[in-house]
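> Here's a structure for you.
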Amino acid sequence: MTQPNHPQQPDYFGGPEWPSESHAQGGFDQFGQPVTAHPYQAPDPYSNHSDPSGEDHRRPHVDFGRAVKLFFKNYAVFNGRASRSEYWWIFLFSILVEMILNAINFAMDGTPNDPARLYAVLSTIWFLGTLIPSIAIGVRRLHDTNHTGWWLLIPLIPVIGWIWVLVYLVQDSDENAWQSYDKEPLPVTE
C-alpha cells in the first residue's frame, strides 16, 4: 500500500491510519512504538511503570536450552528473578530426566517398590544435585511475581498450600518486582 502525500488521518478509533515515513525512519516500528537496540527494553503501553526511563524490567523469555544452562549457572543464586518460561522449562526438564531414570529402572528389571541399584544411585544423585538450584529457581520465580521466596513453604499446608503457590508460579512477571528483588548478586543471564 502506498502512502499518499497528505497528512495522516486518524482512523475510526483515533489512531493513525498508517505510520508515517518519518516514524519508520526515526526509530519507530510499524505500530508506532519506539524501537530500541534491546527488545526487552521497549516501553510497554499497557503497564504503568514507575521507572522514569520507561524501560521494561521484566525478565526475558528463554528457550529450553538456555533455561537449562541458566539453571546450572545460577546454581545457588537466591537473589534476583526468573521468568515464567525459565522456571517452567526447568520443570519440564526435570520430568524428562525422571522419565529417563524410570526407563533405566524398568530396563534393569526394577519396579517402583523394588528399584534397581543403578536407578537408586542415579536418582539420588539427581535429587541431591538439583535440590538447591530447584529451590533457588523457585525463589527467583516468586520474586519475579513480586512475592517473597518464603512463599515456597506454603505447600506445608495440605492441599490449599500447593494450589496457592502454583497460582503464584504461573503468574506473569510483575513490572515493579525489579525494584525489590534486583539486588546483587543477580542471576547470570547469558
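The values are calculated or read from the model by the stated rules, or taken from the named source; none is laboratory data. All values reported here derive from a predicted model rather than from experimental measurement. Backbone-built Cβ (ideal geometry, glycine too); neighbour counts: all protein chains shown. Accessible surface areas use protein heavy atoms only, side chains included; no ligands, DNA or RNA. Shrake-Rupley method; radii C 1.70, N 1.55, O 1.52, S 1.80 Å.
> In region 172-190, which residues are open to solvent by less than 20 Å² (accessible area, probe 1.4 Å) and of a type in the set (S, T, N, Q)?
Correct list: SER173 only.
> For ARG59, state whether it is modelled with pLDDT of 55 or more, within 22 Å of LEU169 (Cα to Cα) and open to solvent by 30 Å² or more (accessible area, probe 1.4 Å).
Yes: the conditions hold for ARG59.
> Something else now. Please go through region 109-123 and give me each residue that is open to solvent by 70 Å² or more (accessible area, probe 1.4 Å) and hydrophobic (A, V, I, L, M, F, W, C), ordered by number.
Within region 109-123, LEU118, VAL121 meet the criteria.
> Filter region 79-96 down to the residues that are under 12 Å from SER173 (Cβ atoms) and either surrounded by fewer than 23 Cβ atoms within 10 Å (Cβ to Cβ) or of a type in the set (Ser, Thr, Tyr) (or both) and list them by number.
SER83, ARG84, SER85, TYR87
> Cβ-Cβ below 8 Å, separation at least six or inter-chain, first residue in region 155-171 and closer than 18 Å to TRP88 by Cβ and open to solvent by less than 70 Å² (accessible area, probe 1.4 Å), second of a type outside the set (Gly, Ala, Ser) and part of a loop (DSSP other than H, G, I, E, B): which pairs?
Taking only residues 6 or more apart or on different chains, the pairs are TYR168/THR145; TYR168/HIS147; LEU169/THR145; GLN171/THR145.
> Starting from region 69-96, keep only residues that are within 18 Å of TRP151 (Cβ to Cβ) and touching a residue at least 12 places away in the same chain (Cβ under 8 Å), then list their pairs with residues that are of a type in the set (S, T, N, Q) and open to solvent by less than 40 Å² (accessible area, probe 1.4 Å) whose Cβ atoms are within a distance under 7 Å, requiring at least 6 positions of separation or different chains.
Pairs found: SER83/SER173; ARG84/SER173.
> If you go through region 130-145 one residue at a time, do you hit one that is outside any helix (DSSP H, G or I) and surrounded by 12 or more Cβ atoms within 10 Å (Cβ to Cβ)?
yes
> Shifting gears a bit: Give the residues of region 97-108 that are within 27 Å of the chain's Cα centre (by Cα) and open to solvent by less than 70 Å² (accessible area, probe 1.4 Å), sorted by residue number.
VAL97, GLU98, LEU101
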